[in-house]
1. Test ALA92 against the stated conditions and say whether it is part of a helix (DSSP H, G or I), crowded, with 20+ Cβ neighbours inside 10 Å and either within 10 Å of the chain's Cα centre (by Cα) or not aromatic (Phe, Trp, Tyr) (or both).
2. Give the residue, chosen from ARG130, ARG79, that is of a type outside the set (S, T, N, Q), surrounded by 15 or more Cβ atoms within 10 Å (Cβ to Cβ), assigned to a helix (DSSP H, G or I) and at pLDDT below 95.
3. When only residues in the range 118-127 that are of a type outside the set (Ser, Thr, Tyr) and in a loop (DSSP other than H, G, I, E, B) count, which is modelled with the highest pLDDT?
4. Scan (1) touching a Leu at 6+ places or on another chain (Cβ under 7 Å); (2) free of Cβ contacts under 8 Å to residues at least 24 places away in the same chain; (3) within 18 Å of TYR33 (Cβ to Cβ) for the single condition LEU66 breaks and write down its number.
Amino acid sequence: MKNKILNYQSLNTDVAVLLLRILVGSLFTYYGYSKLLAFEQIVPMFKNYTGLGVKASLVLAIIGELGGGILILIGLLTRFAATMIFITMCVAYFVAHANDPFDVKQLAFVYLILSVVIFILGSGRLSVARLITGKK
């Protein structure tokens, strides 16, 4: 009998991709929705990170987090959504928190790396994209 715990093969990649998508998608949906609800309170504290103005920068962050989070959560346009989150986290890590110590900006770094992993993995078989395309 093979020991599945010590085996190098994945137990179930599809379930792992689904769990990763649910985790990251849910968190970004929460972050984006929180920013949307508190939009007027956040605007005075937010900076013009994109050069498009404070409100436009905040709207782009909300679109990246809320829109990207929902798309990743359901597994639709996952690589596009991961790219949106990657860009948002690059701005957070390299611009917004550029002068902060690593312990302040480490969460943005973790999400940046997770967005790359999700981009590489794609939606997986347990996704809305698979239901729409019907591909196996």
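1. Details: part of a helix (DSSP H, G or I): yes; crowded, with 20+ Cβ neighbours inside 10 Å: yes; either within 10 Å of the chain's Cα centre (by Cα) or not aromatic (Phe, Trp, Tyr) (or both): yes.
Yes; evaluated as a whole, the condition is true for this residue.
2. Working: ARG79 fails: at pLDDT below 95.
Of ARG130, ARG79, the one residue that is of a type outside the set (S, T, N, Q), surrounded by 15 or more Cβ atoms within 10 Å (Cβ to Cβ), assigned to a helix (DSSP H, G or I) and at pLDDT below 95 is ARG130.
3. Looking only at the range 118-127, we keep the residues that are of a type outside the set (Ser, Thr, Tyr), and these are 118-122, 124-126.
Subsequent filtering for residues that are in a loop (DSSP other than H, G, I, E, B) retains 122, 124-126.
Numbers: GLY122: 95, GLY124: 91, ARG125: 92, LEU126: 92.
The extreme case among them is GLY122.
4. Result: LEU66 fails condition (2) only.
A quick yes/no check of all residues on (1) in contact with a His (Cβ under 8 Å, 6 or more places away or on another chain); (2) surrounded by fewer than 18 Cβ atoms within 10 Å (Cβ to Cβ); (3) of a type in the set (Asp, Glu); (4) within 17 Å of VAL17 (Cβ to Cβ):
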residue	(1), (2), (3), (4)
GLU40	no, yes, yes, no
LEU52	no, yes, no, no
LYS55	no, yes, no, no
ILE62	no, no, no, no
LEU66	no, no, no, no
ASN99	no, yes, no, no
PHE109	no, yes, no, no
PHE119	no, yes, no, yes
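The values are calculated or read from the model by the stated rules, or taken from the named source; none is laboratory data. Everything numeric in this text was worked out from a predicted model, so none of it was measured. Quick reminder, even Gly has a Cβ in these numbers, built from the backbone with ideal geometry, and neighbours come from all protein chains shown.
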